[in-house]
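Engineer: Supplied in structure tokens, the structure appears directly below.
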Amino acid sequence: MKSLILIATLIPSALFVQAAAPAAVAPAKAKHTAMTPAHRLNAGWWKNRHEQKVTAAQGFDCELLFIGDSITHGWEGAGKNVWNLYYADRKPFNIGFSGDKTEHVLWRFQHGELAQFKPKVAVIMIGTNNTGHIMQKAEETADGIKAIITQLHLHSPQTKVLLLAIFPRGEKPDHPMRVLNTQINNIIKTYDDGKSVHFLDLAPAFLTQEGMLTKEVMPDRLHPRERGYQIWAKSMEPKLKELLGK
């Protein structure tokens, strides 16, 4: 009788252990906002652009993917002629969204913008809005960038990432936002493994010898005009050719 009581006591305990086991392998939560997917669906233009990109991505054989914020978005504006000259015949797709931070890219990845894409190369530049909007810590923005690379490679392991240093902003080298972006760049350059991730800093091409950012290149000292996109494309081309194999 005592044995039966003991068995009856142990069975619920065993069932409890089995039921509780999955909690031990629950995914880790994001450490901060830069790693936490977030949308901007309250902005009508953003919602419309997202939906348009998801639709356009369906069935498109993308070989060259551009990922970023307004600076990448600008390939469809001030940089359009340069885009057509350099990228039109390379099966490109642009998912740059003005105002986006790292967390917004992560959300868009999770909601259809990567579609069935298995691009040869993905050009990533993101983070200046984490700086400009909230002066987020360099380490946190860098974490967000790393999360983007990780999610992209989970989706398409063979894609080579061309990770660009965040472009310089502000007129002078000591501009607080430029200083913070430089701190981010110093972290993310360590993500370069020479295989799946390749880091490229184009800042010297945009700046004078004294480190000044002129209005002739970026009129608001943040967003390139056409000349700035010409500098970007020309400076990036050798590495891009290497990664694309053409």
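Laboratory data are not the source of any read-out in this text; all were calculated from the coordinates shown. Everything quoted here is computed from the prediction, not taken from an experiment. Glycine also receives a Cβ, built like all others from the backbone with ideal geometry; neighbour counts cover every protein chain displayed.
Engineer: Just flag the GluC sites (Glu not before Pro) in segment 143-246 sitting in loop per DSSP whose Cβ has no more than 16 other Cβ atoms within 10 Å. Please report the intermediate quantities before stating the final value.
Structural biologist: Working: sites: Glu171, Glu210, Glu216, Glu226, Glu242; in loops: Glu171, Glu210, Glu216.
Here the GluC sites (Glu not before Pro) that fit, given the DSSP loop and packing criteria, are Glu171, Glu210, Glu216.
Engineer: Report, in degrees rounded to the nearest 10, the 0 to 90 angle that the Cα long axis of helix 2-20 makes with the longest principal axis of the chain.
Structural biologist: The answer is roughly 10 degrees.
Engineer: Relative contact order (percent) for the chain, with alpha-carbon contacts under 8 angstrom and 6 or more residues of separation?
Structural biologist: Once normalised by length, the contact order is 18 percent.
Engineer: Comparing Lys101, Lys146, Lys91, which has the greatest mean-square fluctuation in the GNM of the chain with Cα pairs linked when under 10 Å apart?
Structural biologist: Lys91
Engineer: Compute the angle between helix 176-188 and the longest alpha-carbon principal axis of the chain, please, reported from 0 to 90 degrees and rounded to the nearest 10.
Structural biologist: The answer is roughly 60 degrees.
Engineer: Something else about it: On the Cα set of segment 183-228, report Rg and Dmax in Å, please.
Structural biologist: 13.3, 36
Engineer: Report the Stokes-Einstein translational diffusion coefficient (µm² s⁻¹, integer) for segment 127-246, Rh taken as the Kirkwood radius over Cα pairs, at 20 °C with viscosity 1.002 mPa s.
Structural biologist: Values: Rh = 15.1 Å.
Estimated via Stokes-Einstein, D reaches 141 µm²/s.
Engineer: For the chain, what is the calculated [θ] at 222 nm in deg cm²/dmol (nearest 500), taking -39500 (n - 2.57) for each run of four or more DSSP H residues and dividing by its residue count? Provide the component values of the computation, followed by the final result.
Structural biologist: Numbers: 10 runs with 114 residues, N = 246.
Calculated from helices alone, the mean residue ellipticity at 222 nm is -14000 deg cm²/dmol.
Engineer: Evaluate E = 1/(1 + (r/R0)^6) for Gln209 and Lys246, where r is the Cβ-Cβ distance and R0 equals 45 Å; express this FRET efficiency to the nearest 0.05.
Structural biologist: On the way: r = 34 Å, r/R0 = 0.75.
So the FRET efficiency works out to roughly 0.85.
Engineer: Rounded to two decimals, what is the ratio between the C-alpha radius of gyration of the chain and 2.2 N^0.38 Å?
Structural biologist: Numbers: Rg = 22.3 Å, N = 246, 2.2 N^0.38 = 17.8 Å.
Dividing the Cα Rg of the chain by 2.2 N^0.38 Å gives 1.25.
Engineer: Which percent of Cα pairs goes in each bin when the distances of segment 108-171 are cut into 10 angstrom slices starting at zero?
Structural biologist: The percentages, shortest bin first, are 19, 48, 27, 6, 0.
Engineer: Dipole size in debye (nearest 20) for the chain around its Cα centre, Lys and Arg Cβ +1, Asp and Glu Cβ -1? It would help to have the intermediate numbers written out before the result.
Structural biologist: Working: 30 positive and 23 negative charges, 68 e Å.
The calculation lands at about 320 debye.
Engineer: Let me ask another. Distance between the C-alpha centers of segment 195-232 and segment 137-191? Whole Å please.
Structural biologist: 15
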